[in-house]
Amino acid sequence: MPQNTSNHILGINIDSQRILLVYGNLSGLISERLEFASPSSAPFPAFLSELSSHADRLLMITQAQRLPLPDVVSVSVAGNYDAKTGVVGSSLEFVQWRAESLRSQLELRFNLPVYAETKANAGMLAEILFGATGSLSNAFYFTFTPRVRLSLLSEGQVYHNPGATAGSIGKLRLSSSENLPEKTQTLNDVASGLGLLRLAQFRHPTHWDPDLQLPDLLQSALDRDPFALEVIDQAAAIFGSHLECLVHSLRPEKIIIGHPFHLLGEAWLKPMTDALSQASGLGGGELSQIQASALGSRQPELEALAPAIMALRGARER
């Protein structure tokens, strides 16, 4: 990459529900953003075509402001993205994708270097770069949409495995399905964004609109709606209790709750922490420090930029 670039970044945050495009820089400053519904059920070429169309629109807006063209593309993507090969394997998030060469296709489309990570790993990188969490060496970072996913930081390095299948803890089988919706089997069915909506409709069907959306449910909890808080409490407790083996095995210094449940603060953290402490038998100084991401509403934007920022900063330090 040229050494005299200003390192403006086209950031792309991809999941099965929405695509977020941002134009930012190495400091995490966002100049423009654009969001659209994800064509997740479309084949990869159709997805790429729609993404390109919206990216062109965003760049037209930035050029009208006399901002320079981006130097790199940064991507956070749901599903099993292998950062070594640049390939997204088949996944529940994108049902028609089959081993798609995401990185090379985006490099070809934008004629720019592309840096990409899974959503959980990109979230972890955003915490390292911009979070108010102090020094991170050994930590868990969890993201909850579209499914529950873990990023593992070990000795300051984000863990990767071939095929990028590591971290899919939403597939953990629940130890009990009592007082849960029918066919509830895994952690994703309760503690993901979609799982939480399903649980809310099951517990209090007459309290919610049939088309209840996750932001509305989270806001209800922040507004101290007792029905919302009851659902959050149950989901967080189930989530916390199922981390027992992970915590005993790896003993992370910190556990960071990422997007979007970080917005709930203590409404999520307390029942989760209590359940994990009870299940693991760990308390006081033995239990990992559990905290919500401090990035707030900026988390999805910074997550989109983080893979490129980390790579560029690392190159400058060498």
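Some observations on this one:
Listed here are the residues, each with its yes/no results for (1) touching a strand residue (DSSP E or B) at 6+ places or on another chain (Cβ under 8 Å); (2) at positive phi.
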residue	(1), (2)
Asp223	no, no
Ala237	no, no
Leu246	yes, no
Gly265	yes, yes
Gly284	no, yes
Gln291	yes, no
Leu305	yes, no
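- Scanning the range 63-82 for residues that are polar (S, T, N, Q) and either more than 20 Å from Glu303 (Cβ to Cβ) or at pLDDT below 95 (or both) yields Gln63, Gln65, Asn80.
- Top-ranked residue of the range 113-125 - restricted to ones that are of a type in the set (Gly, Ala, Ser) and within 10 Å of the chain's Cα centre (by Cα), ranked as nearest to Asp71 (Cα to Cα): Ala122
- Residues in the range 254-306 that are within 19 Å of Asn138 (Cα to Cα) and hydrophobic (A, V, I, L, M, F, W, C): Ile255, Ile256, Ile257, Leu276, Leu282, Leu287, Ile290, Ala292, Ala294, Ala306.
- Flag if Phe227 is farther than 12 Å from Gly193 by Cα, touching a His at 6+ places or on another chain (Cβ under 8 Å) and modelled with pLDDT of 95 or more: yes
- Of the set (1) surrounded by 22 or more Cβ atoms within 10 Å (Cβ to Cβ); (2) of a type in the set (Phe, Trp, Tyr); (3) farther than 27 Å from Gly11 by Cα, all apply to Phe142 but (3).
- Filtering the range 99-106 for residues that are acidic (Asp, Glu), over 27 Å from Gln289 (Cβ atoms), crowded, with 17+ Cβ neighbours inside 10 Å and without any contact (Cβ under 8 Å) to a residue 60 or more places away in the chain leaves a non-empty set.
- Residues in the range 56-84 that are farther than 26 Å from Gly258 by Cα and under 23 Å from the mean Cα position of the chain (by Cα): Leu58 alone.
- Condition met for Gln157 (within 20 Å of Gly258 (Cβ to Cβ), surrounded by fewer than 18 Cβ atoms within 10 Å (Cβ to Cβ), among the polar types (S, T, N, Q) and assigned by TED's automatic domain parsing to the domain that holds Ile256): yes
- Flag for Ala120 being within 20 Å of Gly28 (Cβ to Cβ) and at pLDDT 95 or above: yes
- Residue in the range 39-70 that is surrounded by the fewest Cβ atoms within 10 Å (Cβ to Cβ), counting only those that are in contact (Cβ under 8 Å) with a residue 24 or more places away in the chain and over 17 Å from Arg18 (Cα atoms): Gln65
- Sole exception among (1) more than 20 Å from Met272 (Cβ to Cβ); (2) exposed (fewer than 11 other Cβ atoms within 10 Å of the Cβ) for Gln213, by number: (2)
- Of all the residues in the range 12-36, those that are within 18 Å of Arg313 (Cα to Cα) and of a type in the set (D, E, K, R) number 0.
The values are calculated or read from the model by the stated rules, or taken from the named source; none is laboratory data. Fair warning: this is a prediction, and the values are worked out from it, not measured in the lab. All Cβ positions, even for glycine, are placed from backbone atoms using ideal geometry, and neighbour counts span all protein chains on display.
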